[in-house]
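All remarks here apply to the structure that follows.
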Amino acid sequence: MRSPSWTWDELLLACALVVKNGWRELRVGDPAVTELSELLRALPLPERTGLAGSLPEYRSAGSVSRKTTDLASNHPGYLGKPTKGGKLDKLIIKEFLAREAAMLQAAHAIETGIGSGQLALIPEQPDEADEDGTTAAEGRLLARWAISRERNPALRKRKIAQVRALGLPLHCTVCAFDFRSAYGALGDGYIEVHHVLPLHISGPRETKLNDLALLCANCHRMCHRSHQGASWRTPNELKTEMEQSRSAQ
């Protein structure tokens, strides 16, 4: 049984290590390689459960070092002969070159979540990956974490209470859809909540009510949908995209 292909989240963490090392590979004896190996073997990815114990080579220090070589040697500025690597290797490199700071923040948020034990407690979420299997540029685990927080019924209830106390309408911030107006009593009090900022920007802090926006199900899904390099939209950004789309028609 061979170790499975690297996931996006694993590559995100490995590439962050390479970037911090000046886009140079790291050798097996480097303490940072050992630390990353231990972290990768502990990632709560359902399809990886049990592999750390059954496959000694699964994300070993040697395999991590080889992956840093793949990532470093496939950088556009590398002067030597690149290793073969894989399609995802090239895509993650492209993401880091396009927005290094955000990707490094994402890696740090994942490390924080694993170190605190919070990520290990969150069950897999149905929408943490799109229908075609793609994940957010910031990683599947951060998407899972954010979605699980948004589905916290107590938090949603508090946000709705806040909006009503302010005398504001309980409708979608983006498209103004009102469930009560559309469905009558059935839709009364129903709305979804969305984090205005992703975890890698806000940090894995305790969610505050002002971090949340009210959205209908359609707009909520579009805020989370990966498209053309963007994997997270604030309600205002989505509203702007909708207006631009309508004006172009």
Among 114-121, 137-144, the order from most to least packed when residues are scored by Cβ within 10 Å on average: 137-144, 114-121
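Which pairs in the list LYS208/LYS239; LYS20/LYS239; LYS157/LYS239; LYS94/LYS159; LYS20/LYS81 are over 31 Å apart, alpha-carbon to alpha-carbon? Write down the numbers at each step before the final one.
Numbers: LYS208/LYS239 23 Å; LYS20/LYS239 36 Å; LYS157/LYS239 24 Å; LYS94/LYS159 38 Å; LYS20/LYS81 22 Å.
Listed pairs above 31 Å: LYS20/LYS239; LYS94/LYS159.
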Rg and Dmax [Cα atoms of the chain; Å; Rg one decimal, Dmax integer]: 20.5, 67
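Ordered by packing density, taken as the mean number of other Cβ atoms within 10 Å over each peptide's residues, highest first, how do 172-179, 28-35 rank?
Highest mean packing first, the order is 172-179, 28-35.
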Long-range amide H partners of ALA137 with built H, under 5 Å: SER231
Long-range amide H partners of LEU215 with built H, under 5 Å: THR173, GLU192, VAL193, HIS194
q = 0.08, 0.10, 0.15, 0.18 Å⁻¹, segment 1-146: log10 I(q)/I(0) [Debye, one scatterer per Cα]: -0.20, -0.32, -0.74, -1.09
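Where does each of 6-18, 75-87 land if you order them by average Cβ count within 10 Å, highest first?
Working: 6-18: 23.2, 75-87: 11.3.
Per-residue Cβ counts within 10 Å, averaged per peptide and sorted highest first, yield 6-18, 75-87.
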In sequence order, calculated HN-Hα J values of segment 154-168 (Karplus, 6.51, -1.76, 1.60; Hz; x Gly/Pro): 5, 5, 4, 4, 5, 5, 4, 4, 4, 5, 5, 5, 7, x, 8
Shape metrics for segment 62-168, restricted to C-alpha atoms - Rg then Dmax, Å: 18.8, 64
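How much length, in nm to one decimal, is gained on full extension between GLN249 and LEU79, taken as 0.36 nm per residue of separation minus their Cα-Cα distance? Kindly include the intermediate steps, with their values, before the conclusion.
Numbers: separation 170, 0.36 × 170 = 61.20 nm, distance 4.64 nm.
Additional length available on full extension: 56.6 nm.
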Crossing angle, helix 31-40 versus the chain [Cα axis fit, 0-90 degrees, rounded to tens]: 50
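Quick note: the coordinates plus some simple rules give every number you see, no bench work behind them. Remember, it's a predicted structure, so these values are computed and weren't measured experimentally. Here Cβ is always computed from backbone atoms with ideal geometry, including for glycine, and neighbour counts include all displayed protein chains.
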